[in-house]
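Data first, discussion second: the structure below is written as structure tokens.
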Ligand code: SF4
Ligand code: SF4
């Protein structure tokens, strides 16, 4: 079973778009041990994603979880996989060595040249210099690591340059999303800049692919793959299905945005998962009414309950910003795919497998 562990709900940063309700809560050793046992309880492999807040505030607990899971893995003869999302400010050599030894995937939250505008220490100081240094150390040890970019309206004019920067320092995987939630306002002029910057980034993605040095750029690549396969690879919603977050108190929720909401509490590390409640929630998931006749409905993030809740307060309602962003991305990805296919049909088919 895959679980996301909120080792701590605290963080050393104060990012302008943060949606986390930060508090100085830390998972107890007992909750941690029970969560590890629960991850192995369905008889399959176990997967733990260390998350927060900033998980590296509690680095020792991550080591402890890996020690416990190592023993459980031997006991049950099942593999265990680890992932971590970190802001990078506390990334130690000790952690990097252990991550490499355990095959942990690390995703670094790094906005590139937008970093100092949006991702700051609590003192207000920018984090660019520290996170750039951490990124270089990370890539030296784990070159397949992912950069997780968030574009906020106040920095979006630097988005394309940031994609190029992250590629230039060695990231082969760049995951990018716009900032969501009540702290950001995507006014029409900012959305226009976002569209222009995304087009510039898509051109760069195209050029790298044609030059034989491709990189994974999530906004465009997922939409191209959904065009080719007919499968919505962008559909990340797992509300009530998998990868459920475990809060510091041991309660298990449907997804990140629902933490602390009793209606979406789907179990705890002591009693396990409440299967009937999961099924009820999963069956509730449906295409929003406003999307039913849209030709993009199978390529859009419209049914991500977590994202919808963040944007509109309702799991079944897509925000106007999200709708226009999805349309812009799909058009751009389709143009990019057509250009790539025309320029090099064999290379295109070999890269995308179609
Ligand atoms: S690093 Fe993450 S949790 Fe911490 S303030 Fe920034 S967005 Fe929030
Ligand atoms: S593009 Fe808009 S209307 Fe179409 S499926 Fe997506 S959210 Fe719904």
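The values are calculated or read from the model by the stated rules, or taken from the named source; none is laboratory data. Owing to the predicted nature of the structure, the values given are computational and were not obtained by experimental measurement. Every residue, glycine among them, receives a Cβ derived from its backbone with ideal geometry; neighbour counts consider all protein chains shown.
Among the conditions (1) under 19 Å from residue 264 (Cα atoms); (2) within 12 Å of ligand 2 (Cβ to nearest atom), residue 283 misses just one, which is (2). Number of residues in the stretch 130-159 that are more than 16 Å from ligand 1 (Cβ to nearest atom) and either free of Cβ contacts under 8 Å to residues at least 12 places away in the same chain or assigned to a loop (DSSP other than H, G, I, E, B) (or both) equals 6.
Screening the candidates 214, 219 for the property of being within 22 Å of residue 107 (Cα to Cα) and in a helix (DSSP H, G or I) yields one hit, 219.
With respect to (1) surrounded by 15 or more Cβ atoms within 10 Å (Cβ to Cβ); (2) out of contact with any strand residue (DSSP E or B) (no Cβ under 7 Å at 6 or more places or on another chain); (3) modelled with pLDDT under 95; (4) assigned to a loop (DSSP other than H, G, I, E, B), the lone exception for residue 240 is condition (2). Of the listed requirements (1) modelled with pLDDT of 95 or more; (2) surrounded by fewer than 22 Cβ atoms within 10 Å (Cβ to Cβ); (3) within 18 Å of the chain's Cα centre (by Cα), residue 149 misses just one: (2).
The set of residues in the stretch 301-354 being in contact with a helix residue (DSSP H, G or I) (Cβ under 9 Å, 6 or more places away or on another chain), in a loop (DSSP other than H, G, I, E, B) and more than 11 Å from ligand 2 (Cβ to nearest atom) consists of 314, 315, 316, 344, 353, 354.
Which one is modelled with the highest pLDDT, of the residues in the stretch 287-296 that are in a helix (DSSP H, G or I) and either within 7 Å of ligand 2 (Cβ to nearest atom) or touching a strand residue (DSSP E or B) at 6+ places or on another chain (Cβ under 9 Å) (or both)?
As a first pass, look at the stretch 287-296 and keep what is in a helix (DSSP H, G or I): 289-291.
From what is left, the residues that are either within 7 Å of ligand 2 (Cβ to nearest atom) or touching a strand residue (DSSP E or B) at 6+ places or on another chain (Cβ under 9 Å) (or both) are 290-291.
Details: 290: 85, 291: 90.
Checking each candidate, the answer is 291.
Going through (1) under 21 Å from residue 301 (Cα atoms); (2) within 21 Å of the chain's Cα centre (by Cα) one by one, residue 252 falls short only on (1). Within the stretch 12-37, residues that are within 30 Å of residue 178 (Cα to Cα) reach partners that are within 16 Å of ligand 2 (Cβ to nearest atom) and assigned to a helix (DSSP H, G or I) with beta carbons closer than 8 Å, at six or more positions or on different chains, in the pairs 19/310. The number of residues in the stretch 66-96 that are under 21 Å from residue 9 (Cβ atoms) and surrounded by fewer than 16 Cβ atoms within 10 Å (Cβ to Cβ) comes to 0. When we screen 299, 284 for residues that are buried (at least 20 other Cβ atoms within 10 Å of the Cβ), at negative phi and modelled with pLDDT under 95, the only hit is 299. Would you point out the residue of the stretch 244-264, among those that are at pLDDT below 95 and in contact with a helix residue (DSSP H, G or I) (Cβ under 8 Å, 6 or more places away or on another chain), that is nearest to residue 28 (Cα to Cα)? By that ranking, first place goes to 245.
Once the stretch 300-334 is narrowed to residues that are under 18 Å from residue 205 (Cβ atoms) and touching a residue at least 60 places away in the same chain (Cβ under 8 Å), the residue that is farthest from the chain's Cα centre (by Cα) is 334. Looking at the stretch 48-58, which of its residues are touching a helix residue (DSSP H, G or I) at 6+ places or on another chain (Cβ under 9 Å) and either modelled with pLDDT under 95 or surrounded by fewer than 18 Cβ atoms within 10 Å (Cβ to Cβ) (or both)? Scanning the stretch 48-58 gives 51, 52.
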